[in-house]
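**Student:** This is the structure I have questions about; it appears just below.
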Amino acid sequence: MPNAIQLHQVCKAYGETQAVANLDLCIAAGSVYGLLGPNGSGKTTTIRMIMNILMPDQGEIQILGRPAGRKEQDQIGYLPEERGLYAKMKILDQLTYFGELKNVPRAEARRRGQYWLQRLELSDWADKKVNELSKGMQQKLQFAVTLLADPPILILDELTSGLDPVNASLVREVLLELRGQGKTILFSTHRMEDAERLCDSICLIARGRKLLDGDLQQIRAGFGKQTVRIEFTGEAQWLHQAPGVRKTDLYDSYAELQLQSAEAAPEVVRFLAPRVNIRKFEILVPSLDEIFLTTVAAAQSSAARPEREPAYAR
Amino acid sequence: MPVKLLIVIRREYLQRVRSKGFLIFTLLFPLLMAGYIAFIISISHSGSRQQYRIAVLDESGHLFAPLSARLEKIKFHQNSQFLLTSIPDTGGTAPALAGMVTAVLRKHFDGALVISPGLRRVRYYARDVTNFYVLGKLQSAVGSVIQRQRLLAAGLPARKLAKLLQPVNLRQYKVTRNGAKADQGQTFALAYVLSTLLYIAIIIYGISVMRGVAEEKTGRIAEVVLAAVDPFTLMLGKIIGLGAAGLTQFAVWLGCVGLVIGYSRMSSNAALQHIPHLGPAVFLLLIVYFILGFLLYATLYAAAGAIISNEQDMQQTQMPITLILVLSVILIPAVLTSPASFKAVLLSEIPFFAPVLMVTRLTASHPPSWQIGLSLALMLAGIVVIIRFAAKVYRIGILMTGKRPTLPELLRWLKAA
């Protein structure tokens, strides 16, 4: 089975600014993939190129094994970062229109529109205009627009932004169902908790370059072995003397030790066991947030260029 | 035609035609047409019933009777009439005149006429000396009565005078292929109405295209739509869809003009008989000029819509385009006064002016077919060139955020791709 989306050495520049540089991506069919990165990292540009809205300067993009183009566009449901709905158009008409644009016959598009409005608890608003809806409702409507043509691939840019917890969980429920149906979902977000909860694999990009890519569990495992948490009773000073420890943070009921390397962990246990009373020893799996922050910070310090600093830094 | 283009056209058309504004504006025009008929009737005979009361101080002593007989006979503005009152000059000219002026000021009279003893000097005092119609009648009546008096004094027999002093009236006729036809400004008015109509229809729908594109851009709708159709389809669909809505409205309006003309031919009302007859060919050409003119301007407006990023920009960006269109309206009178002059022909061949000015010429005179054909060909060529440029600007501009591009930047866009 071909990959749902594949990018090979894709580059895109806007004038002097390199938005995306030599990007390789491989999104397996049926996976939920997170495209993560800080603002301005090239996520939206990458997605627009996948959507065939922008042309890459170099490189190749394949959708379901075929070069990206007009026809492949129709295989993807796209929810852009900012809401794009006709303010003065009625909600069901709007759904029908966008469905038709994705090759769904009008009557069928209308029927499916009604289904999704009901599913997303918007049925009462079917004959209202979009500018009468709250932001959260508009977001749900945009989600319905994305799903209407029932495409095998979904690209969702900041899906849960602007949703209250109740609606966010309603949307997640739908997403899990879609994953169950075998759809490929590409998530673009800078909200790590969303990615953590839903994604199988992630790709972290900054300044148009890929920093990390792969299975989420493996990435976490790779990052995780350098911090241990110890709950203990006894003299805290021993912790400072333990071998292979870079940094010790003492809290009320526990301590966190940053190790020089993952291999140091057994060493630390051997050293501490006779000296303090260890109640709990845990190798911490870092949150995606931490991975994000460390990786991006590391990349920025190694590639810091003055002209790319934000305006307030000058 | 590609299916997706049709879907876009359908949305644009229905969204427009179903709006309240469309209905109101469609109905507004027939009111304008009613105004036109009112104008036609007013120039032949109209106005409210009125008496022009004029005090006459006749120092010659024998002019009042013939003058009042003559003036009171004249009926003008349907039911208006002169009413003359003789003022005795007891106590000298100066006090009598002062009394008359006071009376005019107090609105006892509309005017005061003072005739000197030797008939050499006639003075007219009035609050309003700009009513040329009244002044003209007064002038000709006083003139002919005095001339008559002078001729009588010179010894000509009274019975010959009536014939000799027969007034001469200049009548205007418009020469057309269907023969000469009396015209008192109706052609002028109709040419003005139709040319302005083209202008209004083009500007309204052109600016709608710009607003629609700007809405899709600033509302980020473009990104959703462009995930399903290519930019050119979206631009073309908007232009054609809104153009079709414009055409619907324009056709209704032209229908009104046609009805008026048809009615005027059957009507027994003499005034309405003066409405110029436009053949079906002229109507067809009006529609063709609307379509081409709209395409020309709407494409420019679409490009303008794609480069603006907020409401404030809109005014500034549309200005150059709108100015060209307005300029063509400003030129209507110049073309109308001599529709076949070299200047008029030249102006009406320029693609940007043709939709308005050729229509002026079509209504006011009979431009040769080659001139019509040439202007259509030039407009078509203009449209092809402009669509090409506009599509480039549109494709880049529609997804661009941030500030409006400068002119050099725009030129770079045009060179790229």
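**Student:** Tell me whether segment B:280-339 comes out rounded, prolate or oblate; compute the Cα gyration tensor, take square roots of the eigenvalues as a ≥ b ≥ c, and use a/c under 1.5 as the rounded threshold.
**Tutor:** Verdict is oblate for segment B:280-339.
**Student:** Take peptides A:267-273, A:147-153, B:228-234, B:67-73 and line them up by average Cβ neighbours within 10 Å, highest first, as a rough protection proxy.
**Tutor:** The peptides rank, most packed first, as B:228-234, A:147-153, B:67-73, A:267-273.
**Student:** Over all directions, the average projected area of the alpha-carbon convex hull for the protein assembly as shown comes to how many nm²?
**Tutor:** Taking a quarter of the hull surface, the average projection is 51.6 nm².
**Student:** A further question follows. Of the options A:T44, A:Q9, B:G212, report the single residue whose Cα projects farthest towards the positive end of the charge dipole of the protein assembly as shown (beta-carbon charges: Lys, Arg +1; Asp, Glu -1).
**Tutor:** About the Cα centre, the residue reaching furthest to the positive side is B:G212.
**Student:** Please give the solvent-accessible surface of B:V168 in Å², to the nearest 10, using a probe radius of 1.4 Å with every protein chain present.
**Tutor:** Looks like 140 Å² after rounding.
**Student:** On to the next question. Could you tell me which GluC sites (Glu not before Pro) in segment A:1-78 are loop residues by DSSP with no more than 14 other beta carbons within 10 angstrom of their beta carbon?
**Tutor:** Passing sites in segment A:1-78 are A:E16.
**Student:** To the nearest 10 square angstrom, how much accessible area does A:W116 have with a 1.4 angstrom probe?
**Tutor:** 30
**Student:** Roughly how many debye, to the nearest 20, is the charge dipole of the protein assembly as shown about its Cα centre, given +1 on each Lys and Arg Cβ, -1 on each Asp and Glu Cβ, and no other charges?
**Tutor:** Roughly 4420 debye for the protein assembly as shown.
**Student:** In debye to the nearest 20, how big a dipole does segment B:50-165 give about its Cα centre with +1 on each Lys and Arg Cβ and -1 on each Asp and Glu Cβ?
**Tutor:** Details: 16 positive and 6 negative charges, 92 e Å.
The dipole of segment B:50-165 has a size of about 440 debye.
**Student:** What's the average, rounded to a whole number, of partner chain beta-carbon atoms within 10 Å of each residue's beta-carbon in B:8-15?
**Tutor:** 3
**Student:** Taking R0 as 41 Å, what FRET efficiency do you get between B:K415 and A:N39 from their Cβ-Cβ distance, rounded to the nearest 0.05?
**Tutor:** Approximately 0.85, to the nearest 0.05.
**Student:** Projecting each Cα onto the charge dipole of the protein assembly as shown (Lys/Arg +1, Asp/Glu -1 at the beta carbon, about the Cα centre), which of B:G305, B:I87, B:I203 comes out farthest on the positive side?
**Tutor:** Value computed over the given set: B:I87.
**Student:** Going by average Cβ density within 10 Å per residue, which order do the peptides B:102-109, A:83-90, B:291-298, A:287-294 take, highest to lowest? Don't jump to the answer; show the numbers that get you there.
**Tutor:** Numbers: B:102-109: 14.1, A:83-90: 18.9, B:291-298: 24.6, A:287-294: 17.2.
Highest mean packing first, the order is B:291-298, A:83-90, A:287-294, B:102-109.
**Student:** Between 0 and 90 degrees, rounded to the nearest ten: what's the tilt of helix B:311-330 against the longest Cα principal axis of chain B?
**Tutor:** For B:311-330 against chain B, the angle is about 50 degrees.
**Student:** Let me know the shape class of segment B:50-165, please: from the alpha-carbon gyration tensor, a ≥ b ≥ c as square roots of the eigenvalues, rounded when a/c is under 1.5, otherwise prolate if a/b is greater than b/c, or oblate.
**Tutor:** Judged from the Cα gyration tensor, segment B:50-165 comes out oblate (a/c at least 1.5, b/c at or above a/b).
**Student:** Also, I was wondering about something else. In terms of Cα to Cα distance under 20 Å, which lysines are near enough to A:K210, apart from those fewer than 8 places away along the same chain?
**Tutor:** Answer for A:K210, where 20 Å is the Cα cut-off: A:K12, A:K43, listed by chain and number.
**Student:** Across peptide B:212-223, how many C-beta atoms of other chains are within 10 Å of each residue C-beta, on average?
**Tutor:** Average per residue, whole number: 4.
**Student:** While we're looking at this one, here's another question. Let me know the charge dipole size of segment B:187-332 about its Cα centre in debye, to the nearest 20, where only the beta-carbon of Lys, Arg (+1) and Asp, Glu (-1) is charged.
**Tutor:** 380
**Student:** Hey, if we sort B:V3, A:V296 by accessible area with the 1.4 Å probe, largest down, what's the order?
**Tutor:** B:V3, A:V296
**Student:** If you don't mind, another one. Read phi for every residue in segment A:252-268 and hand back ³J(HN,Hα) as whole Hz from Karplus 6.51 cos²θ - 1.76 cosθ + 1.60, θ = phi - 60°, with x for Gly and Pro.
**Tutor:** Whole-Hz 3J(HN,Hα) from phi for segment A:252-268: 3, 10, 8, 9, 10, 10, 8, 8, 6, 8, 5, 5, 6, 4, x, 3, 5.
**Student:** Under 8 Å for C-alpha pairs, at least 6 residues apart: give me the relative contact order for chain B, rounded to a whole percent. Don't jump to the answer; show the numbers that get you there.
**Tutor:** Working: 503 pairs, mean separation 72.8, N = 417.
Relative contact order comes out at 17 percent.
**Student:** Now a separate question. Given a 1.4 Å probe and the protein chains all in place, what does the accessible area of A:R66 round to, in Å² to the nearest 10?
**Tutor:** The accessible area of A:R66 comes to roughly 120 Å².
**Student:** Mind pulling the angle between the C-alpha long axis of helix B:231-266 and the longest principal axis of chain B? Nearest 10 degrees, somewhere in 0 to 90.
**Tutor:** Approximately 30 degrees, to the nearest 10.
**Student:** State whether segment B:186-296 is rounded, prolate or oblate according to the following rule on the C-alpha gyration tensor (a ≥ b ≥ c being the square roots of its eigenvalues): a/c under 1.5 gives rounded; otherwise a/b larger than b/c gives prolate, and the remaining case gives oblate. Walk me through the numbers on the way to the answer.
**Tutor:** Values: a/c = 3.76, a/b = 3.31, b/c = 1.14.
Prolate, since a/c reaches 1.5 and a/b exceeds b/c.
**Student:** Something else: For peptide B:224-237, how many partner chain Cβ atoms fall within 10 Å of a residue's Cβ, on average?
**Tutor:** 5
The values are calculated or read from the model by the stated rules, or taken from the named source; none is laboratory data. Everything quoted here is computed from the prediction, not taken from an experiment. Cβ coordinates were reconstructed from backbone atoms using ideal geometry, including for glycine residues, and neighbour counts include every protein chain displayed. Note: accessible area is taken over every heavy atom of the protein model, side chains too, but ligands, DNA and RNA are not part of it. Shrake-Rupley method; radii C 1.70, N 1.55, O 1.52, S 1.80 Å.
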